[in-house]
Every structure is written in structure tokens, then in C-alpha cells.
Protein chains: 2
Amino acid sequence: MSVGLSVKRVDAFEKVTGRARYTDDYHLDHALVAKIMHSTIANGLVKQIDISEASKLPGVVKIVTCFDVPDITYPTAGHPWSVDPDHQDVADRKLLNTRVRYYGDDIAAVIAKDEVTASRALKLIKVEYEEYEPMVAIDASLKDGAQALHEAYPDNILNHTHYEKGNYEEAIKEEGLIRFEGEYKTPMVKHCHIETPISYAYGEAGRMVVVSSTQIPHIVRRIVGQALGLGWGKVRIIKPYIGGGFGNKQDALYEPLNAYLSQVIGGRCVKLELTREETFVNTRVRNAMRIKLISYIRPNGRLVARKAELFANKGAYASHGHSVVSKAGHAVKQIYHDEKATMGDMYSVFTNMPVSGAMRAYGIPQITFALEAQMDEMAEKLKIDPIAIRKMNMMQEGFVDNQIKCNSYGLEACIDKGKETIDWDNKRKAYANQTGPVRRGVGMAIFSYATGVYPIALETASCRIVLNQDGTIQVQMGATEIGQGADTVFSQMAAEILDIPMSHVHIISTQDTDVTPYDSGAYASRQSYVSGMAVKKAAIELRDKILEHAEFMLKLPVGNLDLAHCHVVNKQTGDVLASLEEVATHAVYNMEKSVHITADVTNHCKSNTFSFGACFVDIEVDVPIGKIKVNKVINVHDCGKLLNPQLAAAQVHGGMSMSLGFGLSEQMLFHEKTGKPLNNNLLDYKLPTILDTPKLETDFVETYDVSGPFGNKALGEPPAIPVAPAIRNALFHATGVSFHEAPLTPQRLVEKFKSLNMI
Amino acid sequence: MSVGLSVKRVDAFEKVTGRARYTDDYHLDHALVAKIMHSTIANGLVKQIDISEASKLPGVVKIVTCFDVPDITYPTAGHPWSVDPDHQDVADRKLLNTRVRYYGDDIAAVIAKDEVTASRALKLIKVEYEEYEPMVAIDASLKDGAQALHEAYPDNILNHTHYEKGNYEEAIKEEGLIRFEGEYKTPMVKHCHIETPISYAYGEAGRMVVVSSTQIPHIVRRIVGQALGLGWGKVRIIKPYIGGGFGNKQDALYEPLNAYLSQVIGGRCVKLELTREETFVNTRVRNAMRIKLISYIRPNGRLVARKAELFANKGAYASHGHSVVSKAGHAVKQIYHDEKATMGDMYSVFTNMPVSGAMRAYGIPQITFALEAQMDEMAEKLKIDPIAIRKMNMMQEGFVDNQIKCNSYGLEACIDKGKETIDWDNKRKAYANQTGPVRRGVGMAIFSYATGVYPIALETASCRIVLNQDGTIQVQMGATEIGQGADTVFSQMAAEILDIPMSHVHIISTQDTDVTPYDSGAYASRQSYVSGMAVKKAAIELRDKILEHAEFMLKLPVGNLDLAHCHVVNKQTGDVLASLEEVATHAVYNMEKSVHITADVTNHCKSNTFSFGACFVDIEVDVPIGKIKVNKVINVHDCGKLLNPQLAAAQVHGGMSMSLGFGLSEQMLFHEKTGKPLNNNLLDYKLPTILDTPKLETDFVETYDVSGPFGNKALGEPPAIPVAPAIRNALFHATGVSFHEAPLTPQRLVEKFKSLNMI
């Protein structure tokens, strides 16, 4: 048995000893270095670029500008391709852009013999712009007569979708309903993975190879092909170990540009590594949202109808398009069930800001902040315990929305566990009616989260397993290890099915699109569920092939054979008939029927299921200085069967840390007129350090989800959802002040407290 | 159509531009460097090794000696493993040896920070030996009371095998037979591939990885496992492009030692590269042979019975064991057919010499030299034209020996073509009875050669093909490109079956035993035949899967569909139904049934067939100085269907060059008492340079062999067989002097001519 045990990470030794090879460790020979020229205006047009001085600098190999690149627009989103043009991602950017849409847009690139030379060359390039008024907020873009950032979207709205479940207008006519309305705002934040985007690109036998730190090698392959106008098979992507991604590397970031740069110099190897400052502005950010929620509720706390209006700040380009805010909007009707009607309107709005894309939990941290805030406001108003009001309205087992089904249901148990751990009832009472400068509060938040992207998009994953002559195996996955432990749980799954020890499973961590089976990659908390099922199916197929050969070798009917503890055994008696090693060796080397046993299986996943969780916090707030201290915080998750409890806990720790920053300190700041970034570095951007981080407690409610390969469902992203709203609610409990905007920085608190004459 | 065309090599651009990565180009980070300490005696025992001074040298990381290594003996031959212990290779050496068996045996190794330090350390190591009398010739080893080099072989004979076809003693009683007897000798020669053996070894996640220049990655994996006592799956071999092998790299040379060296220092990366001098002595050499042939022939030229006795000088260790001389001995009854009986006795004898192993054509150049020499002696004596006497006795279509069948037969046509090209009849007459100092002669030689090793050993090969979304493919082979063009013809085969252009086939040239399908590797002229059939089968399976998906996509019965010119077409009408790209894209991305189309197929080959060829030369010999000049030389081959005429011709050129050196100048020389090598470098070892090489002409007789995947059969090794004997026979024609030993150096000629009073 391997699944369910806290086995050691398969990459632990390599990573701890520094042997694991990341992209930068590839050290490809004679690599030239590329640096990108970014615009110093947020909105405008490049009139001309003078590279004459820069070109003369010794060591400069080539300079390309936005006037040189192919006239091809391409999408960057890490979504699987769709054969339906209506479902394809928005192709709205070129490799370098003449039309500048944010402060830092890519307008030229230098290839030089080294980084110093490339950087010096950048300074010698002269750019002449035609400058337009920057639109750094949604309101500016939506203003009547605002300039269109993209021709195809004259009103700067990339997309607006609407849904109505039940009849909203009819529903709100019910007598005696209490109406709540609130507008909530979440900030633009950054993933802050350790490893900044980096790639090597080079030509090889008439094709382009890109070694890159990406979550989605097979998708990047396709996008590089699109951007360069190459057949997708003419592109090869290699993904080594990566130092985090959190959704930022679920976009094709600079792989297409780097491939192009190598291409224009005949396939010589080019290295392109972003600085931390570039990573902040020139890669993706979390969609900042403004969310208006209107709820109609009976005095007893039962929700009757709600209406949500969400505006996402897309920034300059579509990237993941409308899907983030769409997912957020649809979640309104999932975690809570209105008795009569729910309505949603979701807008994606272009602005002259960095591009928002995917970030861990994909819209759900934003909507959950709003939903959970309003839920506590209603509870307070109706004098109902926040837990009681949630239990009255929340999703129940068997619920189905858009083919996503609640197959397994641990939400209520999660709440009960957290409630007990935080000592909810006592503390809710004890912390009531405080008046001193330092006040305490407890708060909580819940959420639901889907597992993968079915049925919105394709869920396909493949796994290949190779049997060695000693009965050990290699596992090849298109799915990617991005630090989350995917390789370890995939190995556990294969070991489980074949009944061999973990040491007999060798997983190939590096993806190489030339030989690695197809998989969309690491996102949407899909891999242990979708790709895990591919492992299960491939392992079963391998087992069947092994037993089929054992039938031939042992001259015994395959129906009577099974694998157990590295042996072929009698299925009925368990008697050992041959070692797996003997059968494996015989398979290759026997002179009658030699066969190289492998299995290569695609899992097309057509199911989806909800994961759940709850966060409980105990905080104290120092009112005069607006400083929140988290005394205790616990996330309790229902992710189905736990594949590896220790890795699961580690996954939750990381997510909680992100949600803590989202709730308390993180936000990207820009000059309100020029759109120039103000804190695009790790000194000024307040990512929580270890000193800012309380002890992160985790607990689980194990359920068994019949749709998952081993009863498991989503856990990758969910931990990043509930801490921020739970803290907000605890602050509400501590002070009676209901904040509508994250993060809850001292500045924001102090201003608010002042306005309320509390200080 | 791709097969049969002279398409450009798929690796041409990479190799010409220097981009193709060979082992040394891997430049693995922080690699330490190992150097080997070789014995300075040829026969004896290491009493003790003092490493105290060497260990103190700054930069020395570790020194291991023959007293440290595991007590495991292992085989080195590049043969597939056999599940029958009687057919396994001889395990007769350790990683480092206390019992020293040739001058240069491996007794210790230094790992240091760089090569200079390692070399300096070697000089500081002090060794004390117990020295025995070296046995540098077969006669010494076979002498009564000779010391046994290996305990298991008290008479120094590794193996003696015997066969008799018909009744020899009865056959020779026929009246009127003429008896011929001759003893022929061929030298110990060296492969002289450009790239000397080199490897990097390092630990990875509890396993050992070796990047190595080898012909046989999967076999080396097994041998490293055996030598280190590791499960074979705990070893990973990566084979980049290699700079030639010619059989020398069909042995596990220093991969096991290098893996061990890395292992003893915790898996740090170690580079081990042999010098040219080491390559001469410490890797393999061609089996030097002494061959006694007795023939009984009728006056009309018909062979009645023959007896062959072959002694191979194995050197110090078994390596490929008895198989080289065995193959040579069995060839006697193949190329020529005795009407009544053929008898063979083959001996493999240990001596205190470098180890003989595989070299291009595996015993056949040696036996062909003897057979073809005696054939001309008989022709001369019986006054029959050499061609006529051969035609009277040579193999005919349908011949079978040990399950090797003559399925296709171009031998006679090869002779006729060569005969015409060289203007045989006129020149045989014109060059008769010359007397001057410079005399001309024409000579010829023929041969047959099996294709692969069936039924002696296992013939198994696998191929995996991956379909890309644009309808292009990757081909993964366990079979290895070693410079011969294998990757190109495999690509042609896949293109042919799938009816796509060569540019749509991407072959993975680097083998990585973790993911590369199993194949024994490059030897025995097997790959285009055995592995080529794996390509064919995999391509057919891929085609079937593509059409199966097209059936689903197009809702048309698969039986009516076919692939043509990158499209799915109506099988009957040829009408285009969809592009291959559309079907391939749909396969992955459709929402109903997503499938990642691949094929992974094993070909267990159970057939073998004979290739043929003839060489014709026109030479002149300067009798007083013993110098032979080749005026014209042509090889005419029957290798079945030509897969790529240009590559085939290149293959023949290379083989002819080797046979030229074998016939004229190459031989490894040793001090007759100490066994110390005398010419282990490319200055003193007379490899023909371009100035020594005449224009090499090639021609082919195309046949179609039904057992080959595309009508093809062996061509890799055969070209290296016939030039040497043809030159010998031309010299016989020119001078009337019948030489029995190669190479035909000026020294040997002058001595002989002097003894005959010709000068």
C-alpha cells in the first residue's frame, strides 16, 4: 500500500542536495543572453526606435524591435486548444508590440554575448512614442468615449456574461425579505514564485527547442508554434524542475519571444531570464475584482435570491480571458443555494495595467472574500451565528451545477472540526463588546472548489509506464511537478496498482514534449484527479500485460493470476508463482516471444466534483496602529481521500500563507496617472515573511469521492481561498467594523477607524 | 515515397554545424575527472598499492584500488542477456583487477578535481607486483604446462567447438582428389573510431546515470547493474551522438567502472575519458586468427570436402567470448558448398594481450582472407579462372545453414558487374607473366554475410512513434545511430508507411534507457533489418490508430479509409476526406473522445538472410620496395533493396577503407617478451590516410529480400570484408607469390621477395 501514506517526496534528496536541475542549471553551451526593452509609457504608440548606437556596442549580436516581428497575433493562456473557434483563447498580442498598452509593454529585444552587454545596449536604444492618456482603473476604461485599447473591443469590455437561475425579479417580490447590498474589492497581487521565468531557446534539426520553467509544456509548445507560424510539431519544449508557478507559469510568457529571438539568429542558443522587477509587471497578476452583491434573505437567515455583479481588471491583454471572472461569478450559486433565484453578471475590462491571468484558485479567493464578508454582515444583522447561517444555506450532497457534482461531502464536518478547534462558541461570546485598544475576534469562512475544468474545457491526460527487466518501472507524465508533490503521488498511485514498493517506481520529472505523453499541465487542481486517473489506467494496463506474459511464461490461465508484493501469484490462494523480476526479464529475453512491456494510456476525464474547506481564525487587532495579529489559524479541508497526508498538509500550509498575504498585506501599487509600477520588488511588495506568519494549522475531513482515481479530489488551490475572508470576519467580530476591501493593511484600518472616530 | 531515395541525412545539418551534441558536449556541472592506473606488467599479481603520496595531492578526491572494488565478476560483451545460463557471457573480470593479465590491465583509479591533478596523482601511486612470464602468443598459452590465466580454464582455452557436415573422413577417400593445405594469419587491429570512449556518471534519486558513447545503451545498462550489484532498473544510460564504434563500443568498456567511481563518492559526477593510447590497449581489438584450411577438390574445380581449424587470440579476457571465431568457422560452409563434407574446429585462446572483442564483420574478414587466398591458390594450380572456380562452388539461392536462409540472391550478378567494371578477362591476360620491377595484377574476393544474430541469440527491437497535433511524428528507437545513418533510414521507413514527407518525421537520436524502447543496439548489421521491422510495425499500428480515430471523427467506416500524402482519403477513390493534421488535432482536442495517439511495438525477429558482395581490385606492386599501389578498387554489394543509395555507398566506402588498412598496413605490435604495446598511437599504427586511399568505387545489385522490412538485408559490416583478400589475390596474380598473412606491408613483401630471390 502506498496511496494514503506520508511517503517521502521522490525529489526530496535531489532538491535538498541541490542536484535537481532547474532551467538555469542546463547551462547550455555558448548561450547568448537576451534582454527586453519595455515601454516607459502605459498607453500609446511606438513611433520609431533608433537602435543605431546600441547596435554598435561590441558584443551585441542582434536587436529586434516591434517593427520587425511577424504580423501574427497569438494567445498566451494556458488552456488546452479547442477545435471550436468560439472556444479558443483571444489572440491579441504580437511578440513585440507597436501599440503599447501598459507601462512595461515589450517593444524591442537585444541579444548579446552576455547580460551586461545586453543591459548596456538597452540603455542606448532611443524610442519615440505617441502618448495617450493611461487608463489605470476600470472606471477610466468604462467611461463613455474612452479610447479602445483593442480595436476588436470598442468599449474595452473583453466579455460580459450573464446567468440567471430561477426568476430573480419574481423572487425578490416575496414579502418580508431583507435586502443587503455591498461592494467588495480585491487587489491585484502577484504569485511571487521563487524562480523567475527563464528559458533557453535553440534550433535543432530544423525545429525550435525551448527549455523553460513552465507549468504547461505541451500547451507552450502549441503557443510557440502559433506565435512563430510553425507547425506545432516543429517545436519542442523541455520542462526541468521548476521553482513554483502558482498559475503565472500557466501562460506562455516569454517562450514565444525567446524562440523567435533564437530563430532570427539561425537557431543559436539564447537565454532569456526575467528579473524579479520584470516578473512583477511583465508576467501575469491576479485579476483585481470589484464585486457588487445584492442578497434577499428571510429574517430566519434563509437566502431567497441574490444578484452578483463582478468586474475584473484584465489589464492590457486578454491572457486567460474571461474565464477567471466567469468562474468567480458562477461560484456564487454553488457554495450557497438561494431558495428561488441567483443572477450573475461578469465583466472583463481592459485597462492600461499589467495583464491578469491565472493565480492559485482562479477567481475564487476574490468572490469568496465578497460572499463571506456579506454572509457575516447578514448574520450580524439577523443576530444569527455565522456558522448557523452558513449551514442553513450552503451546498448539500448531491448538488449539481453545470455537470459539476457534489459526489462526496465533508463540508459540514470541516466546519464542525474547525469550530471545535478554535473554541468558537466560547470565543464568540468572550470577544463580544470589547472596547480597549487591542481587541480580539474569531472569524471563519468556507468555500467549495471544483476539480479540474470539465465541462468548460477539455480534460485529457496521458501516462506511459515502462517495465524494466528487474520489475521496476519508469512513469512518464505530461502532467508537471511544480513543487506541489505531483511526482510523488503519481508514483504512489503506480506503486499501489502494481503492488510494488515506492523504490521500484522511477518517475521522469522532466517533461520533453517530443516523448512525454500529452497532458494539459498543472492547473485547476486537476492533476491528482485527471492525470492521476491516467496513471491508474496505465498501471492497470501494464499489470494486465505483465499477467498476459506470465500466462505465456508459466502456462497458466491469466484469469488465475495476480500481482502481489512484486510477485505473480495465484489469485485464489496467493501462492507465489514467479517474481515480477523473473517475468519482466523473461518478457524481454525469452527466445519464443520477446516483448518490451509498456503501457501508454490516455484518460479523457468527463467528471468533476467539489472539494470543500473552512478556515477559522483567532486574531487580535491593535486599533490605534491598525495592526492585525493572527493568534491562531486553521484550515480544515475535504479533498476526498488523502493521497499523502504530509504532502497534503504542506500544500495547505503554502495556500494559507498566500491567503494570509492576500488578506493582510499584498497589493501591487501603481502611479495613478502614469500607470508606472510603484512596488514591483520584494522589498516594497509586502509578501508575508516567516516572521509575519503564525503557526499554520491544518486538518482534514477524509471522504471518498467515487469520481476520483483513489477517492481524491482537488487540493492544490483550495487552501489559498479562505484565510483572507476569515480574518476579515474576525476583524468584524473584534471591532464591529465591516471592511469591504483587501488587503487589511494598517493604513486602511487606521483610516477607517479614524473615520469612525474610534481613534 | 521515401524508402529507396537518397534523402539527406537527418543529422547532416547538426553534425556539419557542430551542433550535434556528443558525450563530451554534455559538460555536466562540476564534473570530477577520473584517470585509470594501468599495470606495467602483462602477467602477474598486484601485491600492494601505496596511495599515501597520491592521496595527499591537493585536488585528489578519492583513490580506489583493486583491493577496494566489490567482489563481483561481470561480463562485458554487448550481447543481449540470455535467460539460459549456458548462453550467458563469460563473467571474468572485476572493476579493477588484482590478477593482472595484460600490459595495461586496470588496477586503480584516481578521482580528482581535474585531469592534470588526476594524472599527477597516478604518477605518485606505487605498485608492487608479483610478476609471471607473459604469454604474448597463442603458442605460449597452449604450451604444455602453461600457466592458466583464468582458473576456470586450466588449458587457457576459453572454448573449443566442432562441427561436421557430411562425413569428412569418408569424403576425402574419393579417388582423384587434389589436397590443398594452408595456414593463414590475420593481425590484431584496432577500430580507430574518432571519438575515444568517454562517459559521465552520476547519482540521481538513488540511481546511477551514465552518459556514454556506446553502441548498446540498453545492454550497458544491464552490465553496469551486474558489475555494481544493482537492480538493472537502478541504472540509466544516456547515449548522445557518437563518433564511431565499429564494434569496440559493442562492449561495456568503462561505464561500469565510472558508475562505481561516482557511487563511492556519493553520486558526484565523474568524467572518464580514455586517451587514444588507452583506447588502443584498454578497449577491444579484432581477434587475431591463425587459420588452417585443408581442401579436397576435384581437378575440374569442384570442392568435395574441407576442414578448417581456427585459433583466435582472445587476449586477457573473454569479452565476446567464443562467438567471433565460431562465426568465422561456420562461415566456411556457407559461402562455399562442399559436395560431400565440411568440418570445423574453432578455438578461443587466452593470452596476455589486449582483449579481443567485436569488430566490424565479426570474424568474417579473417576467415574470408583465408578462404579467398586458398581459392585462388587452387584456381591457379588447377588452371581455372578464379571467378569460374568460385561460381562452381559458391552458395546458391535457397541455401539454408542453421536457419539462415538465402532468400534473395545477387552474388552472381555482383561478380559479373565487378568483373566487367575491372575489365577482368583482358587484364588477367594482360598482366600474366610480368617480369619488371613494377608488376600489375587483378584480384577479387567474394563473401556472404548473415543479417543479425538469429538464431544464435535473441533478436528483439522496439519502436515507439508519437503523433503530434500537426500530423508530424516523433520516432523513438532503442537502436542507435552510430554514424552509419540509421536515424535517416528509420525516418524514411516511418515516412514511407505513413506516406508523409521526411520533414514530418522527427527521430529522437539520443537514447535514454529510462524512456527509450528496448533494443539490443548497433551490431551484426541488424538494425535496418531487425529494428527497421519494428519501425514498420509501429508505423502500421500508428496508421491503424489514426484511421480508427478518423472513423470516429468522420463517421465513416475505417475499412474505407487510408492515409495518402498527409491526408485521410477514401481507400477506393482516393478522394481527400480530411488532412492528417485535422485528424491529429481532433484526436487530442475533441470533447467526445480525446486520445493521445502513439504506437509502441516490439519486433521479435525470427529470420535471418544472407547478404553478398564481391570486391575487384587492380593493383601494381613495386617489387624492390615491396609497395602496393591500388589502381582501382570496387565493391559490388547485394544488400537487398537499397534503402538510401547515397548512404549505402557511404557505408561501403567506410568499410572498404577499413579492409584496405587490414590488407595493407594495420597491425598492433607488442614487445615479444614483455607484451608491452609498441604502436598504440595513430602515428605508429598505420591507419590509411586519405593519401593512402585510392578512389573507392561502389556498385550494387538490388534484390528484394522477402524477410526484410523493405526487402533490405545486411550492409553495415560486409563492406569491410573483401578488399584485403582481393588485394592479396591481385598480388598473387601480379607476382605469383602467395601470401598467407595480412597485412601486406612492404617489410613483409620485401622479406618474402628476398627469400624467393626476386630481389
Kindly indicate the residue of the stretch A:672-699 that is touching a Phe, Trp or Tyr at 6+ places or on another chain (Cβ under 8 Å) and open to solvent by less than 80 Å² (accessible area, probe 1.4 Å) and also nearest to residue A:738 (Cα to Cα) among those meeting that condition. A:685
Only one of (1) on the phi > 0 side of the Ramachandran plot; (2) open to solvent by 10 Å² or more (accessible area, probe 1.4 Å); (3) of a type outside the set (S, T, N, Q) does not apply to residue A:452, and that is (2)
In the stretch B:451-495, anything out of contact with any helix residue (DSSP H, G or I) (no Cβ under 8 Å at 6 or more places or on another chain) and more than 11 Å from chain A (Cβ to nearest Cβ) is listed as B:453, B:483
Residue within the stretch A:17-32 that is more than 22 Å from residue B:31 (Cβ to Cβ) and touching a strand residue (DSSP E or B) at 6+ places or on another chain (Cβ under 7 Å) present: yes
Hey, could you check the stretch B:85-114 for residues that are under 29 Å from residue B:269 (Cβ atoms) and basic (Lys, Arg) and say which is most open to solvent (accessible area, probe 1.4 Å)? B:113
Residues within the stretch A:548-580 that are part of a loop (DSSP other than H, G, I, E, B) and away from every other protein chain (no Cβ under 14 Å), tallied: 9
Does the stretch A:469-499 hold any residues that are closer than 21 Å to residue A:568 by Cα and either of a type in the set (D, E, K, R) or outside the structural domain of residue A:581 (by TED's automatic domain parsing) (or both), and which are they? A:470, A:496, A:499
Residue A:206 being within 8 Å of chain B (Cβ to nearest Cβ) and without any contact (Cβ under 8 Å) to a residue 24 or more places away in the chain: no
When the stretch A:1-38 is checked residue by residue, the ones that are of a type in the set (Ser, Thr, Tyr), within 14 Å of chain B (Cβ to nearest Cβ) and open to solvent by 30 Å² or more (accessible area, probe 1.4 Å) are A:17, A:22, A:26
So, in the stretch A:717-747, exactly how many residues are of a type outside the set (Gly, Ala, Ser) and within 17 Å of residue A:289 (Cβ to Cβ)? 10
Taking the stretch A:418-446 as the search range and keeping residues that are under 18 Å from residue A:656 (Cα atoms) and not polar (S, T, N, Q), which one is surrounded by the fewest Cβ atoms within 10 Å (Cβ to Cβ)? A:419
Of (1) assigned by TED's automatic domain parsing to the domain that holds residue B:391; (2) acidic (Asp, Glu); (3) open to solvent by 10 Å² or more (accessible area, probe 1.4 Å), residue B:575 satisfies every one except (1)
Determine whether residue B:383 is open to solvent by 30 Å² or more (accessible area, probe 1.4 Å) and under 26 Å from residue B:699 (Cβ atoms). no
What are the residue pairs meeting all of these: first residue in the stretch A:119-145, first residue farther than 21 Å from residue A:356 by Cβ, second residue exposed (fewer than 13 other Cβ atoms within 10 Å of the Cβ) and acidic (Asp, Glu), Cβ atoms under 8 Å, and 6 or more apart or on different chains? A:124/A:53; A:125/A:53; A:126/A:53
Select from the stretch B:602-622 the residues that are part of a loop (DSSP other than H, G, I, E, B) and within 20 Å of the chain's Cα centre (by Cα) and write down the one among them that is nearest to the other protein chains (Cβ to nearest Cβ). B:605
Checked the stretch B:80-100 for anything assigned to a loop (DSSP other than H, G, I, E, B) and either without any contact (Cβ under 8 Å) to a residue 24 or more places away in the chain or touching a Phe, Trp or Tyr at 6+ places or on another chain (Cβ under 6 Å) (or both); matches are B:81, B:83, B:84, B:88, B:91, B:92, B:95
For the stretch B:244-261, state whether one or more residues are among the hydroxyl-bearing types (Ser, Thr, Tyr) and more than 13 Å from chain A (Cβ to nearest Cβ). yes
Report, ordered by the first and then the second residue, all pairs with beta carbons closer than 7 Å, sequence separation of six or more or different chains, a first member in the stretch B:581-601 that is within 7 Å of chain A (Cβ to nearest Cβ) and touching a residue at least 24 places away in the same chain (Cβ under 8 Å), and a second member that is part of a loop (DSSP other than H, G, I, E, B) and small (Gly, Ala, Ser). B:588/B:594; B:589/A:82
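The values are calculated or read from the model by the stated rules, or taken from the named source; none is laboratory data. All figures in this text were calculated on a predicted structure; none of them were measured in a lab. When we count neighbours, we look across all protein chains shown, and the Cβ atoms used for this are built from the backbone with ideal geometry, even at glycine. Note: accessible area is taken over every heavy atom of the protein model, side chains too, but ligands, DNA and RNA are not part of it. Shrake-Rupley method; radii C 1.70, N 1.55, O 1.52, S 1.80 Å.
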